[in-house]
Amino acid sequence: MTQWVRIGGVSEMPTDGMAKECNAAGTSICVARIDGKLAALNNECPHHGALLSDGMIEDGRVVCAWHGWSFDPQTGAELRNPLGAATVYPMRVDGDDVLCEV
Ligand code: FES
């Protein structure tokens, strides 16, 4: 069962081209802002578990800092490995709150 959880205020979200870790009811989330749009992915890289929030944003994708796996922020698809997708979570803004469905 999923639930909408507040992960922070609008002003606490990362600036464009950046990512940060947020907590959603005990789930670590990588929140990235790419081309002005927020996206939320499970923060644990499906390769070997690095924190995606410690990675970088390149060419509109979230790139893991350890071995360079590269994730589409909206679908979670990995660039080269169809079995290596990251989990993505719906997000919405409600007033000054940013919510994530986990
Ligand atoms: S742990 Fe992320 S690419 Fe290896």
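Read-outs throughout are calculated quantities, based only on the coordinates presented, and are distinct from any laboratory measurement. Please read these numbers as outputs of a predicted model, since none were measured by experiment. Ideal geometry is used to build each Cβ from the backbone, glycine not excepted, and the neighbour counts take in all protein chains shown.
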Once label points are set 7 Å from the Cα along Cα→Cβ at both Asn81 and Asn23, what is their separation, rounded to one decimal in nm?
2.9
Could you compute the FRET efficiency for His48 and Val93, with r as their C-beta to C-beta distance and R0 at 25 Å, rounded to 0.05?
0.15
Report, in debye and to the nearest 20, how large the dipole of the chain comes out about its Cα centre when Lys and Arg carry +1 and Asp and Glu carry -1 on their Cβ.
140
Tell me, Asp72, Asp16 in order of fewest to most beta-carbon neighbours within 10 Å?
Asp16, Asp72
With a/c under 1.5 counting as rounded, go ahead and sort region 1-49 into rounded, prolate or oblate using the C-alpha gyration tensor (a ≥ b ≥ c being the square roots of the eigenvalues; past the cut-off, prolate if a/b is larger than b/c, else oblate).
oblate
Dipole-positive endmost among Ile34, Leu79, Trp4 within the chain (Cβ charges, Cα centre):
Leu79
So, how do all the Cα-to-Cα distances of region 1-83 break down into 10 Å bins, in percent, from 0 on up?
19, 53, 25, 2
Residues Leu38, Leu51 in order from fewest to most other beta-carbon atoms within 10 Å are Leu51, Leu38
